[in-house]
1. Provide, for q = 0.09, 0.13, 0.14, 0.18 Å⁻¹, the log10 of I(q)/I(0) from a solvent-free Debye sum over equal Cα point scatterers in region 77-228.
2. Give the long-range amide H neighbours of Ala162: residues separated by 5 or more places, or on another chain, with amide H under 5 Å away, using H modelled in the peptide plane at 1.01 Å from N.
3. Under a 1.4 Å probe, what is the accessible area of region 56-196 per residue, stated in Å²?
4. What does the charge count near Gly41 come to, summing +1 for each Lys or Arg and -1 for each Asp or Glu among other residues with Cβ under 12 Å from its Cβ?
5. Order Leu222, Leu128, Leu72, Leu232, most accessible first, counting only protein heavy atoms with a 1.4 angstrom probe.
6. What's the carbon and sulfur percent of region 70-216's accessible surface, probe 1.4 angstrom, rounded to a whole number?
7. For region 190-200, just list the computed ³J(HN,Hα) in residue order, Karplus coefficients 6.51, -1.76 and 1.60, θ = phi - 60°, integers in Hz, with x standing in for Gly and Pro.
8. Find out how many positive minus negative residues lie around Gln83, taking Lys and Arg as positive, Asp and Glu as negative, among other residues whose Cβ is under 10 Å from that of Gln83.
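The values are calculated or read from the model by the stated rules, or taken from the named source; none is laboratory data. Computed from a predicted model, the values in this text were never measured in an experiment. Positions of Cβ are backbone-derived with ideal geometry, glycine not excepted, and every protein chain shown enters the neighbour counts. Side chains are part of the model used for accessible areas, which takes the heavy atoms of the whole protein and leaves out ligands, DNA and RNA. Shrake-Rupley method; radii C 1.70, N 1.55, O 1.52, S 1.80 Å.
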Amino acid sequence: MSLLRRLVGRSAETAVPREASVFESTSPEAFIRAAFWIVLGREVTPIEFRDQLREIQSGDRHDRHVFLLRLLASAECSRGLSQWKDNRDRHDDPSIEEAALAGLGSDDQFVKHAYEMLLGRPADEQGLRHYAGALAEGDTRSHVLRSLAVSEEFERRHREVAPQGGFLPRDTQLCELANPAKWDNPEWMSLLRDLKVVPSEKESMHRKGYEFTQLLYGLTRLGRLRESTRVLSVGAGHEAILYWLANHVGSVVATDVYEEGRWEAGG
C-alpha cells in the first residue's frame, strides 16, 4: 500500500470525527478555494479549480483527502513553509492573502478549517479557544496559519506526507520519460514484480515493464485504484496489466480487433 493511501486511510478513519469534519460540511467549491488559501496562500486558478472540482465533486471523503495531501506534498507548500520559518510572508501582498482568509467563515470556523487542513485532525478545545481568542483580539489569520505550520506537530505530518521536503525525487515522479531510477524505488518495483510478465532485474529493463508499472504506480499514488473504479481499454490486446487491474478495481472492459476481424469485449 502506498504512503499516500496509508495517510488517506488514517486520516479518514481516525483523525476527523464525522460530525465535525469540514470535509463533509463544506461544498466542493468552497473546500477547494479554502484549501488553496490555507495550504498554499493563494487563489486557485480557473484551470486548477476545474480539474480539482471534477475529482472531488462527488462528495467522497477519500477524494478530498487525496486532493489535500497533494497540496501539502507540493513544492509550493514547502516554499511557503520555508518563507514562514524565515519570518517572511509567503504572499507578495500579505493584505490580499489576509482578505481572502477573512472570507473563510467566522473565527471559530476558520480555526477548525486550519486544524483539519494543516494538522489533519479536528481542533481541540484548548487550541480552538486560544486561536479564536487571539483573532478576536486583533491577530491576523495568516499568523494563526503560520503558528500551526511551524509547530512540531505539523512538521511531523509534513515530513511524512512529503519526506523530500515537497520536491519530488526523480524516482517518484508520475509524469516523465522512461527512468532507470524507478528500478531503485521499492514501491514501484513491487508493482513491476506483481505483473509477472517481464524480467524485473534492472539490467533487463524493458519499455513495456516501465509503461505498465508507471501506470499502476501513478494510479496507486493518486488513490484511483478502488472498488468503485471502472476501466475501459481500447485496442487492449492481451496485456497482463488488464488482468492485474481486473483484480484491483471494480470492473475492466477491454476491446480490440483480433484475428479475422473479430471484435471482442471482456469484463
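1. For the requested q values the scattering log ratios are -0.46, -0.75, -0.80, -1.02.
2. Those qualifying (amide H under 5 Å, at least 5 residues apart or on another chain) number zero.
3. Value returned for region 56-196: 51 Å² of accessible area per residue.
4. Charge balance in the 12 Å sphere: -1.
5. Leu232, Leu222, Leu128, Leu72
6. Heavy-atom surface of region 70-216 belonging to carbon and sulfur, 1.4 Å probe: 51 percent.
7. The phi angles translate into 5, 6, 4, 5, 5, 5, 6, 10, 9, x, 9 Hz.
8. Taking every Cβ under 10 Å from that of Gln83, the sum is +3.
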